[in-house]
Amino acid sequence: MIHNNQESKDRVRYRTTNIDYYIKKSKRIKTSELIVDSDRIEVRTPLNKTIEDTRDIVRDKAEWILKKQHQFKSLIPQVMKPTFEENSTLPYLGKNYPLIVNMNQSRNTHTFTDGHFIVDISSPRMEEDARSLIKLVYEEWIIRVAYPILKTKVETYSQKLGVHVQKILIKRNLKSRWASLTKKGSINFNMHLIKAPQDVIDYIVLHEVCHLKVKGHSHRYWELVYRHMPNYQDKINWLSDNGRMLVND
Ligand SMILES: [Zn+2]
C-alpha cells in the first residue's frame with residue numbers, strides 16, 4: 001500500500017525562538033503552502049520537496065509566523081505563564097500583554113505603555129541569557145509597581161475596618177502563599193500576586209486586614225470578610241484555577 005499523505009515534525013531556529021512545525025506531504029499538492037493556526041504550524045508540500053525546502057519556507061516566513069502567533073496569544077483573556085521569549089507576552093493585573101524586546105541596548109529597562117511591555121536589554125551571549133535577563137528586568141519592575149498598588153488597597157481596607165497596618169513588604173519568595181500577616185501587624189505580599197486581576201488582589205488584601213481583627217479562619221472571621229466582599233468565594237476560586245499560572249516553577 002502506498003501512502004499519499006505523510007506527516008512529520010521538524011524544528012527551525014529563528015533568532016531566540018524555536019519554531020516547531022509539521023510537514024504534510026501529499027501527491028495531490030502542487031505548490032507548497034504554509035498554514036499558521038493558534039496552536040499549530042503546518043507546511044503542505046508536494047512529495048518531491050526536501051526537508052531543506054520546507055525549512056526555507058519556514059525561515060522565510062518566520063517573522064510573519066511569530067507575529068501571527070503573537071496575535072493569537074493576545075486574544076486569550078486569562079493570565080498565562082510567561083516564557084520570557086521575544087514576541088511572547090507578560091502578565092500584569094489579570095491579563096497578558098505583548099512583549100517587545102530591544103536587544104543590545106546600553107541599559108536594562110522595563111516600561112509598560114499603551115498595553116505593551118517594552119524591555120531593553122544589553123547584549124546577551126546566548127538565548128538562555130536573553131531570557132533570564134528579560135525575566136530579571138520584568139520581576140524588578142513587578143516589585144516596583146506592586147508597592148503603590150498594594151499600599152492603596154491596604155489603606156482602603158484598613159480604614160474600612162478601623163485597623164492599622166504597620167507596614168507592607170513585597171517578597172520575592174513567599175513559598176505557596178499570597179500574603180501573610182506578621183506578629184507585629186505588617187503584611188508580606190507575594191510579588192507574583194500583582195499578575196492577578198485587581199478584584200483578586202483586593203480579596204487577598206481584605207483577607208489579611210481582617211486577620212488584624214480576627215485571628216484564624218473561624219465562622220466569625222469569614223463573616224467579616226463576607227461583609228466587605230460578599231462574592232469573595234469567586235476570588236478564591238479564581239486563585240485555585242489560575243494561581244499556578246502566576247508563579248514561577
Ligand atoms: Zn487567613
Env charge @ TYR203, Cβ radius under 12 Å, K,R +1 / D,E -1, value -2
Hey, what did the chain get for relative contact order, percent, Cα under 8 Å, at least 6 apart? 11 percent
At q = 0.08, 0.13 Å⁻¹, what is the log10 ratio I(q)/I(0) for the chain, with the Debye formula run over Cα points and no solvent? -0.45, -0.87
Can you tell me which aspartates and glutamates have their Cα less than 20 Å from the Cα of LYS183? Leave out same-chain residues fewer than eight positions away. GLU155, GLU208
Label-to-label distance, nm, for residues given as LYS24 and MET103 (7 Å Cα→Cβ offset): 3.3 nm
Cross-link pairs beyond the 30 Å C-alpha cut-off, checked among LYS67/LYS95; LYS160/LYS195; LYS67/LYS175; LYS9/LYS68: LYS67/LYS175
Report the antiparallel proportion of the DSSP beta bridges in the chain as a percent, rounded to a multiple of 5. 70 percent
What FRET efficiency comes out for the pair THR83/ASP129, r = Cβ-Cβ distance, R0 = 22 Å, nearest 0.05? 0.90
Normalised by the number of residues in the range 87-172, what is the relative contact order in percent for Cα pairs under 8 Å and 6+ residues apart? 18 percent
For TRP222 and GLU155, calculate 0.36 nm times their separation in residues minus their Cα-Cα distance, and state this gained length in nm to one decimal. 22.1 nm
Reach of LYS61 by Cα under 18 Å, taken over aspartates and glutamates that are not fewer than 8 positions away in the same chain: ASP10, ASP20, GLU33, ASP37, ASP39, GLU42, GLU52, ASP53, GLU86
Relative contact order (%) - the range 128-247, alpha-carbon pairs under 8 angstrom, separation at least six: 21 percent
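With all pairs of different alpha carbon atoms counted, what Kirkwood hydrodynamic radius in Å does the range 5-69 show?
11.8 Å
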Separation of the SER122 and ASN48 label points, Cα + 7 Å toward Cβ, nm: 5.4 nm
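Given only helices, namely DSSP H runs of n ≥ 4 each adding -39500 (n - 2.57), what is the per-residue ellipticity at 222 nm of the chain, to the nearest 500 deg cm²/dmol?
About -13000 deg cm²/dmol.
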Which trypsin sites (Lys or Arg not before Pro) does the range 173-249 hold that lie in a coil by DSSP with at most 14 other beta carbons within 10 Å? LYS175, ARG177, LYS183, LYS184, LYS213, LYS215
Cα centroids of the range 4-33 and the range 74-124: how far apart, whole angstrom? 29 Å
Summing Lys, Arg as +1 and Asp, Glu as -1, what charge do residues with Cβ under 12 Å from the Cβ of ALA146 carry, ALA146 excluded? +4
Could you tell me how many degrees, from 0 to 90 and to the nearest 10, lie between the Cα long axis of helix 62-74 and the main elongation axis, the longest principal axis, of the Cα atoms of the chain? 30 degrees
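The numbers here are math on the coordinates, done by the rules we state, and not lab data. Note that this is a predicted model, so its numbers are computed, not measured. Note that each Cβ is placed from the backbone with ideal geometry, even for glycine, and that neighbours are counted across all protein chains shown.
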